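Here's the structure, in structure tokens; my notes come after.
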Amino acid sequence: MVSAVSIVFLITVIFATKKYFWIDESDDISVNNVVNFQSNYLNRYAVVEQAQKILSRQEDIKTVVIVGAGGAGKTTLGREVLSSTESKIKFEINAETEESLNNSYLDLAEYIAVSESEKNNLELIKNLKDAASKKKSLIRFVSGILKKSSNWALLFDNVVSLVQIKPYLPLNPVVFGKGTVIITTRNENIKETNFIADSQILDIGGLSQKEKRELFCSILFKCDFSKLALEKQKEVDEFLQNIPELP
């Protein structure tokens with residue numbers, strides 16, 4: 001039988017090992033703040049597959065930029081791509097303004113700060129008075145934890161200014177580790193950005209005739225276009241000819 005002394009000795013060794021050799025538990029972090037999008041009226045499977053192909057051709061930090069006009073369904077597509085990754089950390093960042101971007105990054109930091117030391121460090125960062133130092137410290141804090149995780153995916157949604165998001169954007173795997181970045185924007189000038197390659201950009205364009213039918217019939221009739229009577233199908237097509245391609 002194992003003596004009480006042996007049990008105490010084993011417990012002491014375990015705690016000592018954890019203290020002096022620092023067993024990293026960051027790989028156990030599991031975060032997902034993606035809202036449910038399963039009830040959408042329109043599913044653009046082909047576009048999602050295109051985005052996945054763009055990501056599959058890359059290594060280290062994989063990036064895809066979904067470009068489209070307002071109302072084209074960029075956010076939904078971004079969420080679908082994000083959810084399809086095998087990452088343990090899946091986080092949607094509201095990148096519309098500097099304030100929303102910073103607040104989302106702070107939310108991410110609070111989600112992934114799991115140890116007491118990380119939580120204490122985050123509190124120190126939140127209490128910094130200088131805005132510039134606070135911003136740099138927050139980004140450094142998040143990047144450090146993401147690098148240890150090495151299995152993350154971030155969605156920067158509704159990007160207006162690419163220059164604005166660049167400090168927050170994971171571009172260097174040495175700093176952020178390996179992961180996936182998804183950006184949604186209506187800014188077509190992203191093709192002129194030196195830190196985004198043309199091969200990483202997916203312009204989703206407008207809806208096809210089939211997609212317009214699917215969206216219209218799902219909303220108005222709660223059924224597929226094919227289930228409508230021929231006369232009703234004709235009325236739908238005539239109506240759709242007079243509206244824009246986007247939802």
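Which order do you get for 211, 123 if you rank them by accessible area with a 1.4 Å probe, largest at the top?
From most exposed to least exposed: 123, 211.
Within 12 Å, Cβ to Cβ, of residue 191, how many net charges do the neighbouring residues add up to if Lys/Arg are +1 and Asp/Glu are -1?
Details: positive: none; negative: 188, 192, 198, 203.
Residues close to residue 191 contribute a combined charge of -4.
If I model a spin label at residue 163 and residue 218 as a point 7 Å from the Cα along the Cα→Cβ vector, what separation in nanometres do I get?
Spacing of the two 7 Å Cα→Cβ label points: 3.8 nm.
Report the full-extension gain for the segment residue 191 to residue 243: residue separation times 0.36 nm, less the Cα-Cα distance, to one decimal in nm.
So the chain would gain 15.9 nm between residue 191 and residue 243.
Output wanted: per-residue J couplings in Hz (rounded whole) for region 51-57, from phi through Karplus 6.51 cos²θ - 1.76 cosθ + 1.60, θ = phi - 60°, x for Gly and Pro.
5, 5, 5, 4, 5, 5, 8
Counting only protein chains, not ligands or nucleic acids, how are 236, 175 ordered by accessible area (probe 1.4 Å), most first?
Correct descending sequence by accessible area is 175, 236.
Between region 176-239 and region 116-165, what is the separation of their alpha carbon centroids in Å?
A separation of 32 Å, based on Cα centres.
PRE reach from residue 32 (point 7 Å along Cα→Cβ): which of region 126-166 fall under 19 Å by backbone N?
Backbone N within reach: 149-156.
Once you have the Cα-Cα distance between residue 107 and residue 128, take 0.36 nm times their residue separation minus that, and quote the gain in nm to one decimal.
Length gained between residue 107 and residue 128: 5.9 nm.
Roughly speaking, what is the stretch gain from residue 233 to residue 199, that is 0.36 nm per residue apart minus the C-alpha to C-alpha distance, in nm to one decimal?
8.4 nm
Which value in nm describes the separation of the simple spin-label points at residue 174 and residue 53, placed 7 Å from the Cα toward the beta carbon?
3.4
How high is the FRET efficiency between residue 209 and residue 84 when r is their beta carbon distance and R₀ equals 22 Å, given to the nearest 0.05?
On the way: r = 26 Å, r/R0 = 1.20.
Efficiency, from the Cβ-Cβ distance: 0.25.
Assign one of three labels to region 130-180, namely rounded, prolate or oblate, based on the Cα gyration tensor with a ≥ b ≥ c the square roots of its eigenvalues; rounded applies when a/c is under 1.5, prolate when it is not and a/b is larger than b/c, and oblate otherwise.
Oblate shape, in that a/c is at least 1.5 and b/c is the bigger or equal ratio.
The values are calculated or read from the model by the stated rules, or taken from the named source; none is laboratory data. Just so we're clear, the structure is a prediction, and the values are computed from it rather than from any experiment. Heads up, the Cβs are rebuilt from the backbone with ideal geometry, glycines too, and the neighbour counts pull from every protein chain shown. Ligands, DNA and RNA are stripped out before the accessible areas are found, and what is left, the full protein with its side chains, is counted by its heavy atoms. Shrake-Rupley method; radii C 1.70, N 1.55, O 1.52, S 1.80 Å.
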